[in-house]
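This is the structure, below, for whatever I ask next.
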Amino acid sequence: MTIKPARGIRFPVTVPVLVIGAGACGLTAALAARDAGAEVLVLERDRVPRGSTALSSGFIPAAATRFQRDKGIEDSPALLTADIMAKNKGRSSPTVTARVAERAGPTLEWFADRHGVPFEVIEGFLYPGHSVLRMHATPRRTGADLMGYLLAAAETAGILTMTSAHVVALFADEDGRVAGIEVARPDGAIETIGCAALVLACNGYGGDPALVRRYIPEMADSLYFGHAGNQGDALRWGETLRAGLRDLGAYQGHGSVAHPHGILITWALMMEGGFQVNAEGRRFSNEQRGYSEQAVDVLRQTGGTAIEVFDARLDALGQDFEDYRNAVAAGAIRRADSIAELASLFGLPAPALAATLAETQAMAAGARGDPFGRDFTKKPALAPPFYGVRVTGALFHTQGGLEIDTDARVLGRDGRKLPNLLAGGEASRGLSGPERDGYFSGGGLLAAVTLGRIAGETAARLAESP
Ligand SMILES: Cc1cc2nc3c(=O)[nH]c(=O)nc-3n(C[C@H](O)[C@H](O)[C@H](O)COP(=O)(O)OP(=O)(O)OC[C@H]3O[C@@H](n4cnc5c(N)ncnc54)[C@H](O)[C@@H]3O)c2cc1C
């Protein structure tokens, strides 16, 4: 991943706006640039664009949308900003966070109204850190469904996407102005394309084990659940171009991936009354702080796994999610008439598991408090029959990246704007701040689509008048 000198290079073709990466961020940036009147070309290393977006659940938080109003939900960009900043302890960029929160709602409505991407609000439970119901999804509630809509919208808008196009180098001059890119094709051919503005939408470095080990050592040996092709290219280019790099130790993990099946189990089970125990049959954390930081807590338990305990009420809730139905079909979810039988199914000490269940029931009745600080009183206590699933912790995506301003322009280490380089999604600094527990539920796609839209608009403007 190199930067080559732009001096003397002639490109056979030049496009006003180039976008690297055809995930949610790149496709949104392309739609926005096209809407602003610019010609756009998207470059994607895979033969079929999928990215982490297609692997995701496809849930996007947004505030004050008409989808919320239709359900009588009151929300505001200010409340969304406050929730994000509360989760990251005030350590993301306040200006970029506020801009993202302000543009998220209009972006989902723009998708629906102008580009035929339908959204609805997910009801039934609140995600950790969300003050109100504000998670939105396309009808099938999967990232693959979202990607399908985005690709169809891009095609309808006449956006060209070059697939099997691995961008391996940027051409830039001394002051960091990018003149074009170099693409390696599967047959070994090398092609060059010039541009007036470049959007980096090629995600973070979760797919590069060496970078994960360097910046996130605690997750170095865990399962990486995101897209393998996201190998830190934006980070390396940015480093050479003397861009600011921030919060590289931050990431989205998940403490609820069915093991060994590798299927995401919805965190709704934990938010609505379920709990996790270790091999000793004991709880080990407040499950409701967030699914991201729970990844490390689960990995620290014996064997790097935990058992999620829930009941028929929560099994019914889980059935709303395609992943959960897949986990049932794969035999990951086990049912037992009694807690002793559940203990035996998972090889747990029955007296300890029964004692843990009794403690949570007492906490739900308000008879005692939780030493980990979770409030059990808001949800019904678990009742037989019981359900369980063995889970592990996984790395979903990295959150640190290139420092940007509120127009998604990449900033140099000295704080100056690079002339024509934009970034969004996981390529840019996320909304988590520097710590592992700062990830706000849905913050990945929130940053991908909102910063993608802003980056596309800015790129079109820069291409028009550099
Ligand atoms: C299992 C799972 C569940 C998740 N669920 C959610 C959720 O419900 N809500 C949420 O907000 N977030 C979720 N996330 C996170 C979310 O998937 C990401 O935040 C989001 O998809 C990032 O979008 P992106 O466009 O930046 O990256 P991607 O969708 O990964 O797209 C990047 C693209 O760039 C391409 N690329 C990389 N390098 C190059 C190169 N050099 N040349 C050409 N192409 C390149 C890649 O092939 C890829 O297609 C989840 C993640 C996982 C793994």
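Just so it is clear, none of the values below were taken in a lab; they were calculated from the coordinates. Just so it is clear, the model here is predicted, and its values are computed rather than measured. Ideal geometry is used to build each Cβ from the backbone, glycine not excepted, and the neighbour counts take in all protein chains shown.
Under the rule of at least 5 residues apart or a separate chain, name every residue whose amide H is placed under 5 Å from the amide H of HIS397.
GLN252
For segment 307-363, rounded, prolate or oblate, judged on the Cα gyration tensor with a ≥ b ≥ c (square roots of eigenvalues), a/c < 1.5 rounded, else prolate if a/b > b/c?
Values: a/c = 2.92, a/b = 1.62, b/c = 1.81.
Oblate, since a/c reaches 1.5 and b/c is not below a/b.
Here's another thing I want to ask about it. Taking the Cα centre of the chain as the origin and placing charges on Cβ (Lys, Arg +1; Asp, Glu -1), which of LEU41, MET271, HIS259 is farthest toward the positive end of the dipole?
LEU41
Could you check the simple spin-label distance between ALA220 and ALA144, using points 7 Å along Cα→Cβ, in nm with one decimal?
Between ALA220 and ALA144, the simple spin-label model gives 3.5 nm.
If you put +1 on each Lys and Arg Cβ and -1 on each Asp and Glu Cβ, how big is the dipole of the chain around its Cα centre, in Debye rounded to 20?
The dipole of the chain has a size of about 520 debye.
Given the Cα-Cα distance of GLU174 and ARG10 and 0.36 nm per residue of separation, how much length would full extension add, in nm?
Values: separation 164, 0.36 × 164 = 59.04 nm, distance 1.70 nm.
Here the segment from GLU174 to ARG10 would lengthen by 57.3 nm.
Write out the chymotrypsin sites (Phe, Trp or Tyr not before Pro) in segment 131-231 meeting two conditions: DSSP loop, and at most 11 other Cβ atoms within 10 Å of their Cβ. Please report the intermediate quantities before stating the final value.
Numbers: sites: TYR149, PHE171, TYR205, TYR215, TYR224, PHE225; in loops: TYR205, PHE225.
Hits after loop and neighbour filter: nothing returned.
I'd like the projected area of the chain, averaged over all directions, using the convex hull of its alpha carbons. Report it in nm² with one decimal. Walk me through the intermediate numbers first.
Details: hull surface 85.0 nm².
Here the figure is 21.3 nm², rounded to one decimal.
Can you spot the lysines whose alpha carbon is less than 28 Å from LYS378's alpha carbon? Ignore those fewer than 8 places along the same chain.
LYS71, LYS87, LYS89
Next question. Can you find, among ALA104, ILE73, SER93, the residue sitting farthest towards the positive end of the charge dipole of segment 71-115, where Lys and Arg contribute +1 and Asp and Glu -1 at Cβ?
SER93
If you don't mind, there's one more thing I want to ask. With each run of n ≥ 4 DSSP H residues scored as -39500 (n - 2.57), what mean residue ellipticity at 222 nm is computed for the chain after dividing by its residue count and rounding to the nearest 500 deg cm²/dmol?
-10000 deg cm²/dmol
Oh, and also: Mind listing the phi-derived Karplus ³J(HN,Hα) values for segment 332-342, rounded to whole Hz, using 6.51, -1.76 and 1.60 with θ = phi - 60°, and x for any glycine or proline?
Per residue, the Karplus-derived 3J(HN,Hα) values read 6, 8, 10, 10, 9, 6, 9, 5, 5, 5, 4 Hz.
In percent, what relative contact order does segment 211-306 have, based on Cα pairs under 8 Å that are 6 or more apart in sequence?
Once divided by the residue count of segment 211-306, the mean separation gives 25 percent.
A follow-up question, please. Picking from THR163, VAL178, ALA137, whose Cα lies most toward the positive end of the charge dipole for the chain (charges on Cβ: Lys, Arg +1; Asp, Glu -1)?
Toward the positive end, the furthest listed residue is VAL178.
Which far-off residues, 5 or more places away or on another chain, put their amide H under 5 Å from the one on GLY180, with H placed in the peptide plane?
PHE171, CYS195
Among DSSP beta bridges whose residues both lie in the chain, state the antiparallel percentage, nearest 5.
Numbers: 42 of 65 bridges.
In the chain, approximately 65 percent of DSSP beta bridges are antiparallel ones.
Another question, if that's okay. Please give the direction-averaged projected area of the C-alpha convex hull for segment 215-278, in square nanometres with one decimal. It would help to have the intermediate numbers written out before the result.
Details: hull surface 25.0 nm².
Taking a quarter of the hull surface, the average projection is 6.2 nm².
When only alpha-carbon atoms count, how far does segment 1-135 stretch along each of its three principal axes, as whole angstroms with the largest first?
Sorted from largest, the Cα extents of segment 1-135 read 57, 35, 28 Å.
What FRET efficiency would be calculated for the residue pair ARG213, SER164, taking the C-beta separation as r and a Förster radius of 41 Å, to the nearest 0.05? Please list the in-between numbers first.
Details: r = 29 Å, r/R0 = 0.71.
It comes to 0.90.
To the nearest 20 Debye, how big is the dipole of segment 374-466 about its Cα centre, given +1 on the beta carbon of each Lys and Arg and -1 on that of each Asp and Glu? Before the final figure, lay out each step's value.
Numbers: 12 positive and 10 negative charges, 63 e Å.
Once rounded to the nearest 20, the dipole reads 300 debye.
Please list, in chain and number order, the residues 5+ apart from PHE346 or on another chain whose amide H is under 5 Å from its amide H, with Hs placed from the backbone.
none
When the Karplus curve 6.51 cos²θ - 1.76 cosθ + 1.60 is applied with θ = phi - 60°, which whole-Hz ³J(HN,Hα) does each residue of segment 308-317 get, with x for Gly and Pro?
Here the 3J(HN,Hα) series is 8, 10, 8, 9, 5, 4, 7, 4, 5, 5 Hz.
Within segment 45-112, report the GluC sites (Glu not before Pro) that DSSP leaves as loop and that have at most 14 other Cβ atoms within 10 Å. Numbers along the way, then the final one.
Working: sites: GLU74, GLU102, GLU109; in loops: GLU74.
Sites meeting the loop and neighbour criteria: GLU74.
For segment 267-380, what does the alpha-carbon gyration tensor say about shape, rounded, prolate or oblate, given a ≥ b ≥ c as the root eigenvalues, a/c under 1.5 as rounded, and a/b over b/c as prolate? Each step should come with its number before you reach the end.
Numbers: a/c = 1.25, a/b = 1.18, b/c = 1.06.
In terms of gyration-tensor shape, rounded.
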